[in-house]
1. It is to be established whether one or more residues within region A:5-23 are touching a residue at least 12 places away in the same chain (Cβ under 8 Å), within 15 Å of A:THR115 (Cα to Cα), in contact with a helix residue (DSSP H, G or I) (Cβ under 8 Å, 6 or more places away or on another chain) and not hydroxyl-bearing (Ser, Thr, Tyr).
2. Here are the criteria: (1) part of a strand (DSSP E or B); (2) on the phi > 0 side of the Ramachandran plot. Tell me which single one B:GLY150 does not satisfy.
3. Could you please tell me which pairs satisfy a Cβ distance under 8 Å, a separation of 6+ or placement on different chains, a first residue in region B:90-105 that is away from chain A (no Cβ under 11 Å) and within 26 Å of B:GLU80 (Cβ to Cβ), and a second residue that is part of a helix (DSSP H, G or I) and aliphatic (A, V, I, L, M)?
4. Please find, within region B:60-83, the residue that is farthest from the chain's Cα centre (by Cα) out of those that are farther than 18 Å from B:THR146 by Cβ and in a helix (DSSP H, G or I).
5. For B:GLY67, all conditions in the list (1) modelled with pLDDT of 95 or more; (2) surrounded by fewer than 17 Cβ atoms within 10 Å (Cβ to Cβ) hold save one; what is the number of the exception?
6. For A:GLY120, only one of the following conditions fails: (1) more than 14 Å from chain B (Cβ to nearest Cβ); (2) under 24 Å from B:ASP98 (Cα atoms). What is its number?
7. Restricting attention to region A:38-48, does a residue exist that is crowded, with 17+ Cβ neighbours inside 10 Å and over 26 Å from B:ARG120 (Cβ atoms)?
8. If I go through region A:86-109 residue by residue, how many of them are within 11 Å of another protein chain (Cβ to nearest Cβ) and within 16 Å of A:CYS26 (Cβ to Cβ)?
Amino acid sequence: MDLTPDDINDFVAREYPAAHGAGMRCTEVGEGFALAHWPHDRSLLRPGGLISGPTQFTLADLALWYLSFTVLGLKPMAVTSDVHITFLRPAAGGDLLARADLLRAGKTRISGRVTLWVDGAQERPVSHAVGTYGVLA
Amino acid sequence: MTHDEISEAVAQITRTIPFNQVIGIRVERFEVDHVQVAFDMRPELVGNIPRKILHGGVISATLDLVGGVTALASVMRDREVSSIEEVGEVFSNFGTIDLRVDYLRPGAGETFVATGYVLRVGRRVAVTRMELHNETDVLIAVGTGTYITG
């Protein structure tokens, strides 16, 4: 697969500037997986200094979108059909990373699993998500 | 009890649960970081007769069980027990809070293996990830389970 993180980030910046503007980026991509990165931003922390649930969900969803590119190529019209997230422990103190791994790529649905952790603590995931993207076109 | 004795006790307790007998589930591996159960295809477990595939309820029930046993394996690591009754008492305090299942492919096959992995075990709540494969290693379904552990 020739797809690179730069290809994905350029594509998202062009097709969905809001997601790109939030600072989230693809930092690694390969056969059946994609890694998404959120740079720590104090202005987006919830009370207690924690990375909020919506921030984690957004990064998980974005990682799944990146994952869809590994199956479809850079096609914009794969959309979230379903994401279920389980928050495992408080997330604080650094950048957030989300790795999406492919579970199944069908003709109309792409399912993946996402593990999220704070940079430097991959062995202590902060949340875990499972989701499906529907292929519209 | 030694780990092997606890493992055998869990297998025995699991066998005695009536619903598990209906499915025919057997515990094949009981480690803190890896639990495996298996069952064989039988006519009673079919949900789609023309295609001869598993009923979704069989899949979700099996994933629920392997998630619970996975949580039990982690909890038992820190407990001192001396009898199968004590193991049963620990397990009887477990309950499923949330179960999420993604059905990825039809449940076709002769033998099915469900594996469980711990995502997190806290003082009161455990979260596990589960997978169901058939004998040719086709991934049929995945699940995420949350359990109260006492």
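1. Restricting attention to region A:5-23, the residues satisfying the condition of being touching a residue at least 12 places away in the same chain (Cβ under 8 Å) are A:5, A:7-9, A:11-12, A:15-16, A:19, A:22-23.
Narrowing further to those that are within 15 Å of A:THR115 (Cα to Cα): none.
No, because not a single residue in region A:5-23 is touching a residue at least 12 places away in the same chain (Cβ under 8 Å), within 15 Å of A:THR115 (Cα to Cα), in contact with a helix residue (DSSP H, G or I) (Cβ under 8 Å, 6 or more places away or on another chain) and not hydroxyl-bearing (Ser, Thr, Tyr).
2. (1)
3. If the second residue must be part of a helix (DSSP H, G or I) and aliphatic (A, V, I, L, M), the pairs left are B:VAL90/B:LEU72; B:VAL90/B:VAL75; B:VAL90/B:MET76; B:PHE91/B:VAL10; B:PHE91/B:ILE13; B:PHE91/B:LEU72; B:PHE94/B:ALA71; B:PHE94/B:LEU72.
4. The first filter runs over region B:60-83 and keeps only residues farther than 18 Å from B:THR146 by Cβ, leaving B:76-83.
Now restrict to residues that are in a helix (DSSP H, G or I): B:76-77.
Values: B:MET76: 15, B:ARG77: 17 Å.
Here the answer is B:ARG77.
5. (2)
6. All conditions are met except number (2).
7. Step one: filter region A:38-48 for residues crowded, with 17+ Cβ neighbours inside 10 Å, giving A:38.
Of the ones still in play, those that are also over 26 Å from B:ARG120 (Cβ atoms) are none.
No, the conditions are met nowhere in region A:38-48.
8. Pass one, region A:86-109, residues within 11 Å of another protein chain (Cβ to nearest Cβ): A:86-89, A:101-106, A:109.
Among the residues that remain, those that are also within 16 Å of A:CYS26 (Cβ to Cβ) are: A:101-102.
Within region A:86-109, residues that are within 11 Å of another protein chain (Cβ to nearest Cβ) and within 16 Å of A:CYS26 (Cβ to Cβ) number 2.
The values are calculated or read from the model by the stated rules, or taken from the named source; none is laboratory data. Not measured: the values here are computed from a predicted model. Backbone-built Cβ (ideal geometry, glycine too); neighbour counts: all protein chains shown.
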